1. Six or more apart or on different chains, Cβ under 6 Å: which pairs go from a residue in the range 94-116 that's open to solvent by 10 Å² or more (accessible area, probe 1.4 Å) to one that's more than 11 Å from the ligand (Cβ to nearest atom) and assigned to a loop (DSSP other than H, G, I, E, B)? Could you list them?
2. Name the one entry in ALA203, ALA254, ALA147 that is open to solvent by less than 50 Å² (accessible area, probe 1.4 Å), of a type outside the set (Phe, Trp, Tyr) and either in contact with a Pro (Cβ under 7 Å, 6 or more places away or on another chain) or not in a helix (DSSP H, G or I) (or both).
3. Within the range 206-239, can you find the residues that are surrounded by fewer than 17 Cβ atoms within 10 Å (Cβ to Cβ) and in contact (Cβ under 8 Å) with a residue 60 or more places away in the chain?
4. Being more than 30 Å from ALA207 (Cβ to Cβ), at pLDDT 95 or above and either outside any strand (DSSP E or B) or within 14 Å of the ligand (Cβ to nearest atom) (or both) narrows it down to one of GLU40, GLU56, so name that one.
5. Among the residues of the range 242-251, count how many are surrounded by fewer than 16 Cβ atoms within 10 Å (Cβ to Cβ) and under 19 Å from ALA206 (Cα atoms).
6. With the condition kept exactly as written, say whether any residue in the range 25-33 is open to solvent by less than 20 Å² (accessible area, probe 1.4 Å) and touching a residue at least 60 places away in the same chain (Cβ under 8 Å).
7. For the range 150-168, enumerate the residues that are under 17 Å from GLY107 (Cα atoms) and either aromatic (Phe, Trp, Tyr) or part of a helix (DSSP H, G or I) (or both).
8. Quick one: is THR70 without any contact (Cβ under 8 Å) to a residue 40 or more places away in the chain and within 14 Å of the ligand (Cβ to nearest atom)?
Amino acid sequence: MTDLVRLEVEDGIGTIRLDRAPMNALNAEIQHGLIAACREAAQRKDVAAVIVWGGEKVFAAGADIKEMETMSYTDMVDHSALLQDFTRSLAQLPKPTVAAITGYALGGGCEVALACDFRIAADDAVLGQPEVSLGIIPGAGGTQRLARLVGPSRAKDLVFSGRFVKAPEALAIGLVDSVVPASEVYESARSMMARYVGGPAYALRAAKEAIDRGLEVDLDSGLEIERMLFSALFATKDRAIGMRHFVEKGRGPAPFE
Ligand code: HXC
């Protein structure tokens, strides 16, 4: 366990807090910490949804360049699996996730945000994949998740140029889902995730898995994934509760377990 990443749980929402001043540079310790926090958030019954938050000033300015500077090719062959594992553990967390972005989300920081289901950015936030300026490319899923999110041409523009993208442009190209005043980012993320507290956890999990896994395969295979998950939900108590609630003309959300 590390103090650089904490899982803080309140009212059914888990906040994975990155805490490495001044820029939340993502060193190996923070990468391992993020994996552990995701595992804990996935397992805990009192966590319905997850926010990734770097604090009021910065989301994360990328992998720790000072740590990487002296690494050789063989060092990186070993280390690069961890780079993809820490964003994969977030992408595969079986609960809704949102990145609450203040300040910079650059390089690996932008890739952490890309691994979430949603992104809310401060009006003065800056995102980007500046790795080419260091002679490398995004290595924590950026070339893949960015292209899937904003399309290959825009991804190539951002990755080839390494340019910084301000919040309004990020919103226009679909890199973030909403832009709010900087002081409201975290609360906006909480409001968004609060919708899932007390919700049908297995249906949400299945929906996320069907959409994410379906995007990686051809349509018929994706439909098969949907069919299997859809059928499986008929084994859950939530399905019985949700349908009974409707049939009995219950008011408001169903009392899911
Ligand atoms: C290590 C970093 C860092 C980083 C900032 N710092 N970013 N240290 N790794 N990624 C350190 C600076 O060296 C400095 O330390 C302190 O944080 C404050 O940064 P400044 O540059 O003085 O602040 P400012 O002028 O406000 O500029 C902020 C910034 C700039 C625009 C974010 O720091 C910057 O461009 N950082 C690098 C961004 C980047 O290239 N990210 C991609 C990394 S590669 P001192 O000791 O001097 O005070 C990557 C690969 C992904 O992410 C692969 C998988 C994860």
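The values are calculated or read from the model by the stated rules, or taken from the named source; none is laboratory data. Since this is a predicted model, take the numbers as computed values, not measurements. Reconstructed Cβ throughout: ideal geometry from the backbone, glycine too, with neighbour counts over all protein chains shown. These area figures cover heavy atoms from the full protein model, side chains too; ligands, DNA and RNA do not enter into them. Shrake-Rupley method; radii C 1.70, N 1.55, O 1.52, S 1.80 Å.
1. PRO96/ASP117; PRO96/TYR196
2. Numbers: ALA203 fails: either in contact with a Pro (Cβ under 7 Å, 6 or more places away or on another chain) or not in a helix (DSSP H, G or I) (or both); ALA147 fails: either in contact with a Pro (Cβ under 7 Å, 6 or more places away or on another chain) or not in a helix (DSSP H, G or I) (or both).
So the residue among ALA203, ALA254, ALA147 that is open to solvent by less than 50 Å² (accessible area, probe 1.4 Å), of a type outside the set (Phe, Trp, Tyr) and either in contact with a Pro (Cβ under 7 Å, 6 or more places away or on another chain) or not in a helix (DSSP H, G or I) (or both) is ALA254.
3. GLU209, ASP212, LEU215
4. Details: GLU40 fails: more than 30 Å from ALA207 (Cβ to Cβ).
Residue meeting the stated conditions: GLU56.
5. Quick first cut of the range 242-251, residues surrounded by fewer than 16 Cβ atoms within 10 Å (Cβ to Cβ) only: 243-244, 246-251.
Next, only the ones that are under 19 Å from ALA206 (Cα atoms) stay: 243.
Adding up the residues that qualify gives 1.
6. Keep residues of the range 25-33 that are open to solvent by less than 20 Å² (accessible area, probe 1.4 Å), which gives 26-27, 30-31, 33.
Next cut, touching a residue at least 60 places away in the same chain (Cβ under 8 Å) only: 26.
Yes, the conditions are met somewhere in the range 25-33.
7. First, the residues of the range 150-168 that are under 17 Å from GLY107 (Cα atoms): 150, 154-167.
VAL150, ARG154, ALA155, LYS156, ASP157, LEU158, VAL159, PHE160, SER161, PHE164, ALA167, listed by residue number.
8. Judged against the criteria, THR70 is a match.
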